[in-house]
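Have a look at the structure below, then the notes.
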Amino acid sequence: MNDTKNIKDLTCWIITEGMIGTQNQCVGVAEALGVEAKIIQISIHQPWRSLSPWLGHEKGFIFKPALTPPWPDLLIAAGRKSIAASRFIKKQSKGKTYTVQLQDPKISPEHFDLVAVPFHDKCRGENVLVTNGAPNRITEEKLEEARDQFAELLGAFSALPRAAVLIGGNSKTHKITPEIMRKLAKQLYDLEANLMITTSRRTGEANIKILKEVLADRPENNGTTYIWDNEGENPYFGMLAWADHIIVTADSVSMVSDAGTAGKPVRLIPLEGSSSRFDRLHGHMEEIGVLMGFNGNLRPWTYEPLTDAMKIADKIRAELGITS
């Protein structure tokens, strides 16, 4: 167990498979903790790549890049392939490295010092910390910075409320069909609000075309319509900062969690398909006052913003006895 008492003395690695959303969860925890982290995007050789995390028996030669000492005081990891690295480092460091695994590892949490999972994941145990949603990098300070940064782009809209519309798309569990996009576009067309819209590569060009065509002649008295064209710096944080309301599609844990961390009323756009995991996510977010369904109308309400990254960071501080 680590005996570091000052955050400035703490060495930290982040290990993921390189997926930006997953990496940002780890970075958000490190930033909430106030520690600078070395980010490692890892791959592993067969058969561990296919059989991780169940195979076990990790050896140094299976990792790319190689994992070598000096081992960090703290490891924050997420993603299926990172589990082998977590177990390897914990063993090689002889327990010196405090291992934190984000998301359900699908194996016993006893392999790690701390496992942090959102409510909708089923993993539970004595060393399992359950958060409301997924941790992220959103803080009040970052939102204020983004509000200033994108004031010229997003701040000159009409006096109507601003709605950030976060559109995902097709995944293993959800599908956004042309019919769903037409319905959503018509609802947005009729909405009396300034729209700040961002789409995903998963949205699909055909669906984006439908959205743009329907909204092209939206009346000015209904509000300004802004659709990010993927050119220049991503205004995502700016949209969250300027929004009075946030409307999100049902396919993304991260988007719901981000919106809830921003603390704005969140409306959910149903898509084709679902899963028990997403049903638990949406049900829990409704229960704690973050989320309601989107039916073409907006009304304000308030709730305590999510603070999941800070909740995990506070647990790590307590476990390690470190100070800021």
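The values are calculated or read from the model by the stated rules, or taken from the named source; none is laboratory data. All values derive from a computational prediction rather than experimental measurement. So basically every Cβ, Gly included, is an ideal-geometry build from the backbone, and we count neighbours across all protein chains shown.
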Would you confirm whether or not the range 284-295 contains a residue that is touching a His at 6+ places or on another chain (Cβ under 9 Å), closer than 30 Å to ARG182 by Cβ, among the charged types (D, E, K, R) and in the same structural domain as ASP244 (by TED's automatic domain parsing)?
no
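Find the helices (runs of 4 or more DSSP H) located wholly in the range 198-302 whose residues include 3 or more that are in contact (Cβ under 8 Å) with a residue 12 or more places away in the chain, more than 18 Å from the chain's Cα centre (by Cα) and surrounded by 15 or more Cβ atoms within 10 Å (Cβ to Cβ), and list them. Let's see the steps before the verdict.
On the way: elements: 205-215, 236-242, 253-262, 276-287.
By residue number, 205-215.
Restricting attention to the range 106-122, does a residue exist that is part of a helix (DSSP H, G or I), aliphatic (A, V, I, L, M) and more than 25 Å from ASP279 (Cα to Cα)? Break it down into steps so the answer makes sense when it comes.
Narrowing the range 106-122 to residues part of a helix (DSSP H, G or I): 109-111.
If we keep only those that are aliphatic (A, V, I, L, M) as well, we get none.
No, the range 106-122 contains no residue that is part of a helix (DSSP H, G or I), aliphatic (A, V, I, L, M) and more than 25 Å from ASP279 (Cα to Cα).
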The range 176-197, residues that are under 15 Å from ALA163 (Cα atoms), in contact (Cβ under 8 Å) with a residue 40 or more places away in the chain and part of a loop (DSSP other than H, G, I, E, B)
LEU191, ALA193
Within the bounds of the range 126-149, is there any residue that is of a type outside the set (Gly, Ala, Ser), in contact with an Asp or Glu (Cβ under 9 Å, 6 or more places away or on another chain), modelled with pLDDT of 95 or more and more than 22 Å from LYS311 (Cβ to Cβ)?
yes
Tell me yes or no: at least one residue of the range 156-163 is at positive phi and either more than 24 Å from the chain's Cα centre (by Cα) or assigned to a loop (DSSP other than H, G, I, E, B) (or both).
no
Criterion: within 27 Å of ARG277 (Cα to Cα) and touching a strand residue (DSSP E or B) at 6+ places or on another chain (Cβ under 6 Å) - qualifying residue of ALA259, ALA243:
ALA259
If the Cβ limit is 7 Å and pairs must be 6+ apart or interchain, which residue in the range 133-152 that is in contact (Cβ under 8 Å) with a residue 60 or more places away in the chain pairs with which residue that is among the β-branched types (Val, Ile, Thr) and assigned to a helix (DSSP H, G or I)?
GLY133/VAL253; GLY133/VAL256; ALA134/VAL253; PRO135/VAL29; PRO135/ILE312; ASN136/THR261; ARG137/VAL27; ILE138/THR261
Can you pull out every residue in the range 71-129 that is out of contact with any strand residue (DSSP E or B) (no Cβ under 9 Å at 6 or more places or on another chain) and of a type in the set (Val, Ile, Thr)?
ILE107
Within the range 100-113, of all residues that are without any contact (Cβ under 8 Å) to a residue 40 or more places away in the chain and either crowded, with 23+ Cβ neighbours inside 10 Å or not assigned by TED's automatic domain parsing to the domain that holds ALA37 (or both), the one farthest from the chain's Cα centre (by Cα) is PHE112
